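Read-outs throughout are calculated quantities, based only on the coordinates presented, and are distinct from any laboratory measurement. Keep in mind that what you see is a predicted model, and the values were worked out from it rather than measured. Reconstructed Cβ throughout: ideal geometry from the backbone, glycine too, with neighbour counts over all protein chains shown.
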Amino acid sequence: MLYLYAFCRPPLPPDVPGLHKTMLRAIPVGALVAAVSDLDTPPSAGAPHLWAHEHAVETLMQTRPVLPVRFGTMLHDAEHLQAVTAPQEAAMHEALARVDGHVELSVRALAAEPPLPPAEAPPRTGTDYLRQRQAQLSAEQADHQQAQQRAAALHAQLAPLAADSTYEARRTARMVLTGAYLVPADQQDAFQDAVAALQTQHPDLAFLCTGPWPPYHFTRLALTTPTP
Amino acid sequence: MTSTNPPSAASPKILSEQADLQAFVAELDPVRQGILPPRVALDPDSADQGLAKLVLTLIELLRQLMERQAVRRMDAGSLTDDEVERLGLTLMKLEGRIKELQALFGLEEEELNLSLGPLGRLL
């Protein structure tokens, strides 16, 4: 089977190591190439494998724009690869032009542990019970809205510095913002300054900025992979 | 532009100055578990528990849906006081019964939940 790392313009640089001591090879996809290596089985999702995938993609990214593919993408063979990529070729050219000269930076904002809700007296009647649930449900809804607004406000301060961006509000109860930003490679410092400024403005949150990453969130590829 | 990191050292990827990484790592655990959900064990010894978990999860889902519907109808004023009392009592007793069964099968509250992948958690 083929393990897929990324798409880029040809030629593929020589001697790029992949997973399980394999070497990357190129399979033409229209005017582009797919960087693949031959694996018998899908790799398990552990740190060494994830980093091996990441190294391969980053090695390519050092010298050319790439469209990274998410970890664990396997294809049966070259025909299968053609079948899933053929309808996307125009989109891939467009995406390559868009990510050229950019890197992905990730920003997460973590809130402090929320206080435990005050213990309520156990309901004695059915009416009590439903009234308590009613109050809980409307509190949850208000809380949800507040979280959405807070994430949108944080994101709005970073998005103008990025060519493209995407975010998710409250992936977990404490994760206020999980954002990915496509930043021009020469403006990473300005972006980090903006994150530092957010940190100063919001001492109750902890910000984590990581990168530079390949533009995983900005390829807009819809690849279907076989189920094992 | 990019640096090649040895697999063990993630630190060059961290750009923020004062990040308490442990807090973020702890918070990512549920996300990671959501991506790689625990499976319903099918070995004979724990099959009962796996099945009980699935059945209780579905019952709890239905109970919560009914509860939300009851609250909506109460808000809309389409229930008499008597109906509110009876509905509330039924839902309260059902919740108690589910908790008992949960304890009987040794299931944690959080276990009565299923990961729906990108859709999030069931409950």
With x for Gly and Pro, the residue-by-residue ³J(HN,Hα) of the stretch A:107-118, computed from phi through the Karplus equation 6.51 cos²θ - 1.76 cosθ + 1.60 at θ = phi - 60° and given in whole Hz, is 10, 10, 10, 10, 8, 5, 4, x, x, 5, x, x
In chain A, helical segments from DSSP H whose Cα atoms cover 18 Å or more along their own axis and that average at least -0.5 on the Kyte-Doolittle scale are A:47-61, A:188-201
So A:ALA26 and A:ARG9, fully extended at 0.36 nm per residue minus their Cα-Cα distance, gain in nm 5.1 nm
Given backbone amide H placed at 1.01 Å from N, residues whose amide H is under 5 Å from that of A:VAL29, ignoring those fewer than 5 places away on the same chain, are A:ALA34
For A:ASP189 and A:GLN146, extending 7 Å from Cα along the Cα-Cβ vector and measuring point to point gives, in nm, a value of 4.0
Cα-based Rg then Dmax for the stretch A:123-208, in Å, read 18.2, 65
A correct fewest-to-most ranking of B:LEU58, B:LEU112 by other Cβ atoms within 10 Å would be B:LEU58, B:LEU112
From fewest to most C-beta neighbours within 10 Å, the residues A:GLU54, A:GLU89 line up as A:GLU89, A:GLU54
For the protein assembly as shown, the Cα convex hull volume per residue in Å³ comes to 179
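Over 16 Å apart: what share of the alpha carbon pairs of the stretch A:70-188 falls there, rounded to a whole percent? All intermediate terms of the calculation are to be shown ahead of the outcome.
Values: 5259 of 7021 pairs.
Cα-Cα pairs of the stretch A:70-188 separated by over 16 Å account for 75 percent.
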1/(1 + (r/R0)^6) with r = Cβ-Cβ of A:ARG124 and A:ALA173, R0 = 35 Å, i.e. FRET efficiency to nearest 0.05, evaluates to 0.70
Computed on Cα atoms, the radius of gyration and Dmax of the stretch A:166-220 in angstrom are 12.2, 35
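Sort A:PHE71, A:PHE218, B:PHE105, A:PHE7 by Cβ crowding within 10 Å, fewest neighbours at the top.
Numbers: A:PHE71 18, A:PHE218 22, B:PHE105 15, A:PHE7 28.
Ordered from fewest to most neighbouring Cβ atoms within 10 Å, A:PHE71, A:PHE218, B:PHE105, A:PHE7 come out as B:PHE105, A:PHE71, A:PHE218, A:PHE7.
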Here the FRET efficiency for B:GLU95 versus A:GLU113, based on Cβ atoms and R0 = 41 Å and rounded to 0.05, is 0.95
The ³J(HN,Hα) series, computed from each phi in the stretch A:5-20 with the Karplus coefficients 6.51, -1.76 and 1.60 at θ = phi - 60°, rounded to the nearest Hz and given as x for glycine or proline, is 9, 6, 10, 7, 7, x, x, 7, x, x, 6, 8, x, x, 6, 6
A chain fully extended from A:ALA90 to A:ARG131 at 0.36 nm per residue, minus the present Cα-Cα distance, gains in nm 9.1 nm
Taking every residue of A:126-139, the Cβ atoms of other protein chains inside 10 Å of its Cβ average out to 6
Taking the alpha-carbon centre of each part, the distance from the stretch A:6-79 to the stretch A:99-177 in Å is 36
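Computed over the Cα atoms of the stretch A:1-118, what is the convex hull's projected area averaged over all directions, in nm²? Spell out each step's value before the answer.
Working: hull surface 41.1 nm².
Average of the hull's projected areas for the stretch A:1-118 equals 10.3 nm².
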